Amino acid sequence: MSFNNVSAIGFDLFNTLIFADPETLPEAMGLLIGTLRSNGLHFDEPSFKKAYRSSALQCIEKTRQDGKETHNRFWISEALGLMGQDVAPEDPRIAATVDAYFSAFYDHCHLIPGTEEMLTKLKRTYRMGLLSNFTHGPAGWEIIDRLGLRPFFEVVLISGDLGYRKPHPMVFERLVDGLGVSTDRIAFVGDDPEPDILGAARAGLKPVLTTYVRDQKLPLVPGFAGHGSQDPDPSIPRVSNWDEFLLLLGME
Ligand SMILES: [Mg+2]
């Protein structure tokens, strides 16, 4: 696969440009439960956690089938329902709980080493876009802004805002529109075989698998869709650091 004609690059966010500390999810869950309780909702904690996990998995499985993004407010509402507490997904107590959950991410997300330098270098030559599978748009934006990523990108897309998530073709179409060049001139870099690699390839983009987080054994951020187990076709270019990516683009 040649990258000579590439003039724009799309990036996945989590485990591609950034990673999260291992304590992120336990801390987020603690904030979720604490906020429900401080809003007067009482339940047995282990049973709630079990119910939450099962409703999240159900929603994620449905998403896998129809490509539509789900939102944590449904997972929480359903889990409470299983605990015998009827609270609608639109209830403000649930909105407050979702915000509390994601606030755990704000100080626990970090750029992968060399990312800022790589983006600075590429920005001189390429149009760039960010396309993230993240259920809660406002939290996604907060993370992107806190890490100073926004100025690098012509277009930033978060599945929670779009209503669909990768690998659905609609989100790649939006990326292509935002980048303003034809699909065969766009590379897409991601770590997850199905959403990123298969999704980009089906949309006519040139996929690149990044294995940095996997190779460095950094914690994956689960809870959104899990990590694809099947490895992509060996013909798909893969990079384990940004120097290799620059080399692939012919920049080093
Ligand atoms: Mg990812």
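The values are calculated or read from the model by the stated rules, or taken from the named source; none is laboratory data. Treat the numbers as computed from the prediction; the structure is a model and nothing was measured. Cβ atoms come from the backbone with ideal geometry, glycine included; neighbour counts cover every protein chain shown. Each accessible area value is taken on the protein alone, full model and side chains, heavy atoms only, with ligands, DNA and RNA left out. Shrake-Rupley method; radii C 1.70, N 1.55, O 1.52, S 1.80 Å.
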* To do: Please state which of the following conditions residue 189 fails to meet, knowing it meets all the rest: (1) touching a residue at least 60 places away in the same chain (Cβ under 8 Å); (2) open to solvent by 20 Å² or more (accessible area, probe 1.4 Å); (3) among the β-branched types (Val, Ile, Thr).
  => (2)
* **Odd one out for residue 138 among (1) modelled with pLDDT under 95; (2) farther than 25 Å from residue 240 by Cα** => (1)
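Results for (1) away from the ligand (no atom under 14 Å from the Cβ); (2) charged (D, E, K, R); (3) at pLDDT 95 or above; (4) not assigned by TED's automatic domain parsing to the domain that holds residue 60, shown as yes or no for each residue.
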| residue | (1), (2), (3), (4) |
| --- | --- |
| 174 | yes, yes, yes, yes |
| 183 | yes, no, yes, yes |
| 187 | yes, no, yes, yes |
| 192 | no, yes, no, yes |
| 217 | yes, yes, no, yes |
* Structure fact -> The condition of being among the hydroxyl-bearing types (Ser, Thr, Tyr), out of contact with any Phe, Trp or Tyr (no Cβ under 8 Å at 6 or more places or on another chain) and touching a residue at least 12 places away in the same chain (Cβ under 8 Å) holds, among 47, 38, only for 47
* To do: Given the conditions (1) closer than 26 Å to residue 241 by Cβ; (2) among the β-branched types (Val, Ile, Thr); (3) touching a Phe, Trp or Tyr at 6+ places or on another chain (Cβ under 7 Å), report the number of the one that residue 120 does not fulfil.
  => (3)
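In this structure, is residue 2 in contact (Cβ under 8 Å) with a residue 12 or more places away in the chain and surrounded by fewer than 20 Cβ atoms within 10 Å (Cβ to Cβ)? It would help to see each step written out before you state the result.
Working: in contact (Cβ under 8 Å) with a residue 12 or more places away in the chain: no; surrounded by fewer than 20 Cβ atoms within 10 Å (Cβ to Cβ): yes.
Spelling it out, it is not the case that residue 2 is in contact (Cβ under 8 Å) with a residue 12 or more places away in the chain and surrounded by fewer than 20 Cβ atoms within 10 Å (Cβ to Cβ).
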* **Selection count where residues are farther than 18 Å from residue 28 by Cα and polar (S, T, N, Q), scope the range 50-69** => 3
* residue 157 fails exactly one of the following numbered conditions: (1) in a loop (DSSP other than H, G, I, E, B); (2) within 23 Å of residue 104 (Cα to Cα); (3) modelled with pLDDT of 95 or more. What is the number of that condition? -> (1)
* Determine whether the range 163-175 contains at least one residue that is crowded, with 24+ Cβ neighbours inside 10 Å and small (Gly, Ala, Ser). => no
* **Those residues of the range 124-152 which are within 14 Å of the ligand (Cβ to nearest atom) and open to solvent by 10 Å² or more (accessible area, probe 1.4 Å), in sequence order** => 133
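Please count how many residues of the range 74-107 are within 18 Å of the chain's Cα centre (by Cα) and either surrounded by 19 or more Cβ atoms within 10 Å (Cβ to Cβ) or hydrophobic (A, V, I, L, M, F, W, C) (or both).
Of the range 74-107, the ones within 18 Å of the chain's Cα centre (by Cα) are 75, 98-99, 101-107.
Checking which are either surrounded by 19 or more Cβ atoms within 10 Å (Cβ to Cβ) or hydrophobic (A, V, I, L, M, F, W, C) (or both) leaves us with 75, 98, 101-102, 104-105.
Of the residues in the range 74-107, 6 are within 18 Å of the chain's Cα centre (by Cα) and either surrounded by 19 or more Cβ atoms within 10 Å (Cβ to Cβ) or hydrophobic (A, V, I, L, M, F, W, C) (or both).
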* Return a yes/no flag: does the range 22-41 have any residue that is of a type in the set (Val, Ile, Thr) and in contact with a strand residue (DSSP E or B) (Cβ under 9 Å, 6 or more places away or on another chain). => yes
